[in-house]
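Asker: Encoded as structure tokens, here's the structure I'll be asking about.
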Amino acid sequence: MKNKSVIATVLAAGLCSAAAMQSAMAGESKTKPIPGIPSNSLELFGGKQVVHEWAVALFYYIMLDRRINWMFREFGNPERQIFLNTQLETMVLGGPNEYQGASMAAAHADLNINMEQFNAVVEAAYNACERVNIHYWTCNQLIAALAPFTDDIVTR
Amino acid sequence: MTSNEQGAATAALVRTGLRGAAILAAGLLFSSNAAAGFYNDGKVLLTGGVVTIDGAGGGGITPWATISGYGTRDGINGGLHYTYAYLPNYSLNSYGGTVGFYDRVELSYTRSTLPTGSTFDTVGLVADILPGVVGDTGIQPFNTTIEMDVFGAKVRLFGDAVYTSDSLIPQVAIGGFYKDNKNKELLHTLQAAKAKDWEAYVAITKVYFPISTLVSITGRYTAANQTGLTGFGYKDRTAGGDGGSDKKKELRLEVSIATLVAKNTAFGAEYAQHGDFLDGVGVNLNGLGTAGILSAVADLDLDSLGLVSTKNLEKALTQHEDDWYDLFFAYAPNKRISFVVAYAMLGNITLTPDQHGFYLSTHLTF
Ligand code: HEM
């Protein structure tokens, strides 16, 4: 982490244009599934606290799935990703936009993710819903709200 | 800023330049792991649909725009299917295989066998005892079986039924069947125009996750009678008949709606519009039409023997066709096997009314 911070500072100072580009790509906004998801979806989910618990379960299942866990071990950081996913999922379920991470396109741009790997994360998402005792239909509100990111994430 | 937030912010900055090379290298390292040849089973449970009686990926009677099996755009996945429908006067057995290529192309083969009963037996009996009916009518007094080969192909044109939840664009595919009915003599008796024919369809499919529902609409361009099990089109084959014929294909509507109740379970309903080429058409026993048969039977004066009544014979010799409906329940415990239990309401089938009954189907995918 420390190393990354140092490099980041150097990069940010040295390559203004790159930094500007990056900040333009940062953040995400609410998705608009059709037909819309219920306005109380976050509440149905159990609020931000349960979204966090769900994200913990999500990474538990991701890190057990040999189709994808190596990618997260190599390039991810579960602790940070649980934190950022909690923000992102809280937002797409109708909560406030407090998401501080990169855009989905930027975050996954050079990971070369294929459809099977994406689907593996979706399966982990369903398993996580079951683990946290979120009703399947409520879970589908989350899937509906995240699905529009598919093309940003799957680049292969 | 918490350390998490800091980490997130800085990581976002670093992301672009530095990692690319590392990921490429690691990607190469691991890709042998991820891509074991052409085989792929990376779709989410049930998103490949089940298999129709025609062998295409879809519901029970309606093809969907989805490509059968669990292969994603990166590979190939195959399946074997067997369907058994137990109807009052028939039982349909349909078995075969499908292969999905790169979530783009689907090829299928299905053999349908339909043992018939009751009214077919009646016709067979009449044909046997009537003087003047010579040669093969394709209908025996018992155990008449209809057999048909169905070759299918489907191409996904565009769209993703599952993930484009913020767009109205559905998944759209076109497909076709070539159906080869083996019972030529029988189809002559039923006065179908053809025993072999093709059908084409456009299927439009979309999953609406906010309401956990899949909707699929298919337009099928066909001249089939009862999916082709009783041939295609109509041609008067009686001696002295009007010689009328109609084998022009027409567009028919089919709809499937499925509610997803768990990640491995769906239930729903289907509708398939059918044609009426043979609706109200009688039979032809080697030139003898229904009217001829009735008068020949009258000549035998069976009624006066007090043994049999021929009162309902005309009804028994007149064919009908209704639209098909079914209610289905699909369950996929894993990506290797799925089961469908359905109640099929097929109405009048040819010579027998009220053909409603259970339908069981299993699909093995690998
Ligand atoms: C809808 C599905 C997905 C969502 C919502 C999602 C969300 C996120 C979020 C919020 C981040 C943090 C971004 C940041 O650090 O600023 C992230 C990073 C990451 N994601 Fe995903 N992701 C999804 C699918 C996937 C898939 C399918 C994979 C791979 C199989 C994947 C692998 C990664 C990795 C390795 C990182 C870390 C990148 C880094 O630290 O720079 N993600 N994702």
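Asker: To the nearest 10 degrees, how steep is helix B:3-34 against the longest Cα principal axis of chain B, on a 0 to 90 scale?
Answerer: For B:3-34 against chain B, the angle is about 60 degrees.
Asker: Suppose R0 equals 30 Å; then what is the FRET efficiency for B:Leu302 and B:Thr145 from their Cβ-Cβ distance, rounded to the nearest 0.05?
Answerer: The computed FRET efficiency comes out at 0.60.
Asker: Report, as a whole number in µm² per second, the diffusion coefficient that Stokes-Einstein gives for the stretch A:94-135 at 25 °C and 0.890 mPa s using the Kirkwood radius over alpha carbon pairs. Let's see the in-between values first.
Answerer: Details: Rh = 12.6 Å.
In µm²/s, the coefficient is 195.
Asker: Pop a pseudo-label 7 angstrom from the Cα along the beta-carbon direction at both B:Thr362 and A:Glu79 and give the gap in nm to one decimal.
Answerer: 5.0
Asker: A further question on this structure: Put +1 on the Cβ of each Lys and Arg and -1 on the Cβ of each Asp and Glu in the protein assembly as shown; which of A:Val92, B:Phe339, B:Ile211 then has its Cα farthest toward the positive end of the dipole?
Answerer: Farthest along the dipole direction, towards plus: A:Val92.
Asker: If you take each beta carbon of peptide A:139-151 and count the beta carbons of other chains within 10 angstrom, what is the mean?
Answerer: What the average comes to for A:139-151 is 5.
Asker: How much net charge surrounds A:Thr90 when only the other residues with a Cβ under 14 Å from the Cβ of A:Thr90 are counted, with Lys and Arg +1 and Asp and Glu -1?
Answerer: -3
Asker: Wrap a convex hull around the Cα atoms of the protein assembly as shown, take a quarter of its surface area, and give that in square nanometres.
Answerer: 27.1
Asker: Give me the Kirkwood hydrodynamic radius of the stretch B:39-365 in Å, from all C-alpha pairs, to one decimal place?
Answerer: Evaluated on the stretch B:39-365, it is 20.5 Å.
Asker: Within 10 Å of each Cβ of B:39-49, how many other protein chain Cβ atoms are there on average?
Answerer: Details: counts 0, 3, 2, 9, 4, 10, 4, 0, 2, 0, 0.
The mean count of partner-chain Cβ atoms within 10 Å per residue comes to 3.
Asker: Peptide A:66-77: average number of partner chain Cβ atoms within 10 Å per residue?
Answerer: Other-chain Cβ atoms within 10 Å of each residue's Cβ, averaged: 3.
Asker: B:Gly71: net charge of surrounding residues, Cβ under 12 Å, Lys/Arg +1, Asp/Glu -1, itself excluded?
Answerer: Around B:Gly71, the charge tally is 0.
Asker: If you don't mind, there's one more thing I want to ask. With n ≥ 4 as the cut-off for DSSP H runs, can you work out [θ] at 222 nm for the protein assembly as shown, using -39500 (n - 2.57) per run divided by the number of residues, rounded to the nearest 500?
Answerer: After summing the helix terms and dividing by residue count, I get -10000 deg cm²/dmol.
Asker: In which sequence would B:Ile139, A:Ile62, B:Ile257 go, from the one with the fewest C-beta neighbours within 10 Å to the one with the most?
Answerer: Ranked by crowding around the Cβ, least crowded first: B:Ile257, A:Ile62, B:Ile139.
Asker: When the label point is put 7 Å from the Cα of A:Glu130 along its Cα-to-beta-carbon vector, which residues of the stretch A:59-75 have a backbone N closer than 14 Å?
Answerer: From the stretch A:59-75, the list is A:61-62.
Asker: Calculate, in nm to one decimal, what B:Ala200 and B:Val255 gain on full extension: separation in residues at 0.36 nm each, minus their alpha carbon distance.
Answerer: Working: separation 55, 0.36 × 55 = 19.80 nm, distance 1.57 nm.
Computed gain between B:Ala200 and B:Val255 is 18.2 nm.
Asker: If I take R0 = 25 Å and measure r between the Cβ atoms of A:Lys32 and B:Phe158 in this structure, what FRET efficiency does the formula 1/(1 + (r/R0)^6) give, to the nearest 0.05?
Answerer: Taking R0 as 25 Å, the efficiency between A:Lys32 and B:Phe158 is 0.75.
Since every read-out is calculated from the coordinates, none of them should be taken as a lab result. For clarity, every value in this text was computed on a predicted model and none was experimentally measured. All Cβ positions, even for glycine, are placed from backbone atoms using ideal geometry, and neighbour counts span all protein chains on display.
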